[in-house]
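Please read the structure below before turning to the comments.
The values are calculated or read from the model by the stated rules, or taken from the named source; none is laboratory data. Remember, predicted model here, so these are calculated numbers, not experimental data. Ideal geometry is used to build each Cβ from the backbone, glycine not excepted, and the neighbour counts take in all protein chains shown. We work out accessible area using only protein heavy atoms, side chains counted, and drop any ligands, DNA or RNA first. Shrake-Rupley method; radii C 1.70, N 1.55, O 1.52, S 1.80 Å.
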Amino acid sequence: YGSHVTQVQPAGSLPLLVEAAQAFGSGTHPTTHGCLLALGDIKQHKRRPQNILDMGCGSAILAIAASLLFQNARVMAADNDVISVRTAAKNRQLNKVSQRQMKAVYSAGFSNRMLSRNGRYDVILANILARPLRQMAQDLTGHLSPHGQLILSGLLTSQVNWVMQAYLSCSMRLKKHIIIGEWSCLVLGHRRINPAQKDRDKYQWGAGI
């Protein structure tokens, strides 16, 4: 919500203050909604993430939401746009999230060493676009912990097969597919490769577009 909103927050909600700004992310787009739903699902798991990355954070809605949901986790918010990084830092302060818990950094992909020094991530959020999601498949999966979950969004449902081909090549499996309107959010995890599973995956995702 923005500061202009005065009504009482809905029961059971987690308030997140984000003002309209130049950085992408107002919280209303289906791609953001899908990621928030995926984070909510992870909240229900017994295994709680300790190390979280929001890659291409924009206004850092997802990084802040993760910080509020998992208060013992370390959260990194990274973007290759300086204005977005500044906006992310400002939004962190507005939502009273400490810099110790969440850091906003400038990084083109994983070029900033601060991202690698954190080790592998239990959750990586990447709400960007289909083409960069496909191009970053090796980097994103390479920085994911063995039991980690990768949340991909910013892609149309018609682009899912095309994006999934890159992640199947990195030994990932689809755990959940959230569809909101024409948009999709994918939750992926590492998989153990066996011939039967590989054949099933090839049949399901082999078409590509």
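Figures for the structure shown
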| item | result |
| --- | --- |
| Members of region 9-46 found to be among the β-branched types (V, I, T) and modelled with pLDDT of 90 or more, listed by number | T31, T32, I42 |
| Test for L140: is it closer than 15 Å to M55 by Cβ, outside any helix (DSSP H, G or I) and either open to solvent by less than 10 Å² (accessible area, probe 1.4 Å) or in contact (Cβ under 8 Å) with a residue 12 or more places away in the chain (or both) | no |
| Matching residues, region 68-88, being part of a helix (DSSP H, G or I) and surrounded by fewer than 24 Cβ atoms within 10 Å (Cβ to Cβ) | L68, L69, V82, I83, V85, R86 |
| Failed condition for D122, given (1) modelled with pLDDT of 95 or more; (2) outside any strand (DSSP E or B) | (2) |
| Extreme residue, surrounded by the most Cβ atoms within 10 Å (Cβ to Cβ), among residues of region 25-64 that are of a type in the set (S, T, Y) and within 12 Å of the chain's Cα centre (by Cα) | T32 |
| So R173, is it over 18 Å from Q50 (Cα atoms), in a strand (DSSP E or B) and open to solvent by 10 Å² or more (accessible area, probe 1.4 Å) | yes |
| Filter pass, N91 being more than 19 Å from T141 (Cβ to Cβ) and in a loop (DSSP other than H, G, I, E, B) | no |
| Within region 65-83, considering residues that are farther than 19 Å from P132 by Cα and of a type in the set (S, T, N, Q), the one nearest to the chain's Cα centre (by Cα) | S67 |
| Restricting region 90-140 to residues that are under 14 Å from the mean Cα position of the chain (by Cα) and small (G, A, S), the residue that is farthest from C57 (Cα to Cα) | A137 |
| Subset of region 177-192 (residues that are open to solvent by 30 Å² or more (accessible area, probe 1.4 Å) and either outside any strand (DSSP E or B) or farther than 11 Å from L150 by Cβ (or both)) | H177, I179, I180, G181, E182, W183, R191, R192 |
| So P49, is it assigned to a helix (DSSP H, G or I), closer than 24 Å to R191 by Cβ and modelled with pLDDT of 95 or more | no |
